[in-house]
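One structure is given here, and the rest of the page talks about it.
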Amino acid sequence: MANNYKLLVKNAKQLILICNSGEKYLTSDGMQDLKIIENGSIIVGDGRIEAVGSADTIKVNYSEASFDKVIDATGMCVLPLVDAHTHPVWAGDRVHEFAMKLAGATYMDVHRAGGGIHFTVEHTRAADASKLVASLSNRLKRMLQTGTTLVECKSGYGLDLQTELKMLEVIETARHTLPINISSTYCGAHAVPGKTVAEATEDILQVQLPKLKECMETGAIQVDNIDVFCEKGVFDLSSTKAILQAGKDMGLNINFHGDELHPMNSAQLGAQLGALAISHLEEVTDEGIDAMAKAKTAAILLPTTAYILLPQPRARDMLKAGVIVALGSDFNPNAYCCSMPIVMHLACVNMRMSMSEALAAATINAAYALGCSSTHGSLEVNKDGDLLILSTIWEHLIYQLGGHQELIRYVVIKGNII
Ligand code: NIG
Ligand code: FE
């Protein structure tokens, strides 16, 4: 997509900057106090934010004639939006498992009965790449329609070298063909596929990661993060540590699933390894929370999964302790939700987050969790020109439960209206 386009969004009722210039994340106090310009204008040129300020200042310094496109945003609101955790590449339909769960089966009951991740792995291994590209594109377009401009995308339904690479290549294709920004994650340790944990760990360390490194070095695929499902009956603490450390040594950011169904001390491990983020944390301990706050390891909370599986993570305790709280949709066959507005709504109602905390968690803190907060997550000069433009004030994006297409007037990526 061409980047030399120059866009002016003028006279917005609110420009939701989120934070001060240079801030890479927000903790509790900052999350309560979002930075907002009333009656502001913003300019995007060459894909980046060139200027942002009061409408009067921008008007004096720039002539409208020099823009390719001018949006009159009178009465509207402009903000960023980021989804820090998704599993969007897969084949096979798990709608039947929803019925099982409604009838009382737990997530692990389904998993042990050969369903869950195992079911999706079987279908994803059998699917050809073009089919996966088509379904991924469709899902990413749905995310764009509800305002997500940067999204994390995981592999993890292959669990063998061939299928994990196929999934990462599918993500790479989407990166080049769709406007949405992608942070990609290798999650080959998402489940243990018909072998022991030791064998699966060995395969990842000796076969999958070396090949991945080769593909990254040739430029065939870009991978940004490494993930492990650190859980009882899946990857234990020591295998998790070995895999995450090997990924870190290859230059990947550590960003993994931890303390979801059982307290595993994943938070303490993540803090010790310098993890950028840990997701879920429904069962994190107080010590784990403190360790994450000290290490500046972000907590990516996933309100859709907590809504379906319970219990809720202790968002209030994490905020109080100074943890960098982020949000993700966790879009996957168990939690079929592409919409960050719905995710923020659930975070407010079920986790007792305020609307401004939820928005900070789905913008600057989500970008921080992906190592992208110098380019995304707030409206700041030199960051990517990715904007969500709403027909009214920002709180409606969270307050309204669904039907957000009516509210979202424009989604802009690198200055281009999508
Ligand atoms: O984040 N907990 C592990 N992984 C996913 C679920 C994946 C699946 O059920 O297919 C999650 O919720
Ligand atoms: Fe997940």
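Using beta carbons and a limit of 7 Å, which pairs, at least six apart or on different chains, have the first residue in the stretch 300-325 and closer than 18 Å to ALA369 by Cβ and away from ligand 2 (no atom under 16 Å from the Cβ) and the second one in a helix (DSSP H, G or I) and acidic (Asp, Glu)?
LEU319/GLU357; ALA321/ASP290
Out of all the residues in the stretch 220-234, which are at pLDDT below 95 and away from ligand 1 (no atom under 15 Å from the Cβ)?
ALA220, the sole residue that qualifies.
Scanning the stretch 252-281 for residues that are free of Cβ contacts under 8 Å to residues at least 24 places away in the same chain and away from ligand 2 (no atom under 16 Å from the Cβ), which turns out surrounded by the fewest Cβ atoms within 10 Å (Cβ to Cβ)?
Step one: list which residues in the stretch 252-281 are free of Cβ contacts under 8 Å to residues at least 24 places away in the same chain, which gives 268, 272, 278.
Narrowing further to those that are away from ligand 2 (no atom under 16 Å from the Cβ): 268, 272.
Working: GLN268: 21, GLN272: 13.
The residue in question is GLN272.
Quick one: in the stretch 113-130, of everything that is hydroxyl-bearing (Ser, Thr, Tyr) and within 16 Å of ligand 2 (Cβ to nearest atom), which residue is nearest to ILE171 (Cα to Cα)?
Taking the stretch 113-130 and keeping what is hydroxyl-bearing (Ser, Thr, Tyr), we get 120, 124, 130.
Checking the rest, the ones that are also within 16 Å of ligand 2 (Cβ to nearest atom) come to 120, 124.
Values: THR120: 17, THR124: 14 Å.
Here the answer is THR124.
Among GLU64, GLU122, GLU97, which is of a type in the set (Asp, Glu) and assigned by TED's automatic domain parsing to the domain that holds ILE36?
Details: GLU122 fails: assigned by TED's automatic domain parsing to the domain that holds ILE36; GLU97 fails: assigned by TED's automatic domain parsing to the domain that holds ILE36.
Among GLU64, GLU122, GLU97, only GLU64 is of a type in the set (Asp, Glu) and assigned by TED's automatic domain parsing to the domain that holds ILE36.
Identify, from the list VAL323, VAL284, the residue that is under 19 Å from the mean Cα position of the chain (by Cα), buried (at least 17 other Cβ atoms within 10 Å of the Cβ) and of a type in the set (Val, Ile, Thr). I'd like the intermediate steps shown before the answer.
Values: VAL284 fails: under 19 Å from the mean Cα position of the chain (by Cα).
The conditions single out VAL323.
So that you can scan it fast, the table gives a plain yes or no per residue for (1) acidic (Asp, Glu); (2) in contact (Cβ under 8 Å) with a residue 24 or more places away in the chain; (3) closer than 26 Å to ALA361 by Cα:
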| position | (1), (2), (3) |
| --- | --- |
| ILE16 | no, yes, yes |
| GLY30 | no, yes, yes |
| GLU50 | yes, yes, yes |
| SER63 | no, no, no |
| THR74 | no, yes, no |
| CYS77 | no, yes, yes |
| PRO88 | no, yes, yes |
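I need the full set of residues from the stretch 62-100 which are within 16 Å of ligand 1 (Cβ to nearest atom) and in a strand (DSSP E or B), in order please.
From the stretch 62-100, those within 16 Å of ligand 1 (Cβ to nearest atom) are 83-100; that's our starting set.
The answer is ASP83, THR86.
State yes or no: is ALA360 surrounded by 24 or more Cβ atoms within 10 Å (Cβ to Cβ), of a type outside the set (S, T, N, Q) and more than 23 Å from GLU38 (Cα to Cα)?
On the way: surrounded by 24 or more Cβ atoms within 10 Å (Cβ to Cβ): yes; of a type outside the set (S, T, N, Q): yes; more than 23 Å from GLU38 (Cα to Cα): no.
It is false that ALA360 is surrounded by 24 or more Cβ atoms within 10 Å (Cβ to Cβ), of a type outside the set (S, T, N, Q) and more than 23 Å from GLU38 (Cα to Cα).
Would you check which residues across the stretch 166-218 are part of a loop (DSSP other than H, G, I, E, B) and farther than 24 Å from SER374 by Cα and list them?
HIS190, ALA191, VAL192, PRO193, GLY194, LYS195, THR196, listed by residue number.
Identify, by number, the condition in (1) in a helix (DSSP H, G or I); (2) within 16 Å of ligand 2 (Cβ to nearest atom); (3) touching a residue at least 24 places away in the same chain (Cβ under 8 Å); (4) buried (at least 17 other Cβ atoms within 10 Å of the Cβ) that VAL110 doesn't meet.
All conditions are met except number (3).
The values are calculated or read from the model by the stated rules, or taken from the named source; none is laboratory data. In this text, all values refer to a predicted model and were calculated from it rather than measured experimentally. In this analysis, Cβ positions are derived from the backbone assuming ideal geometry, glycine residues included, and neighbour counts consider all displayed protein chains.
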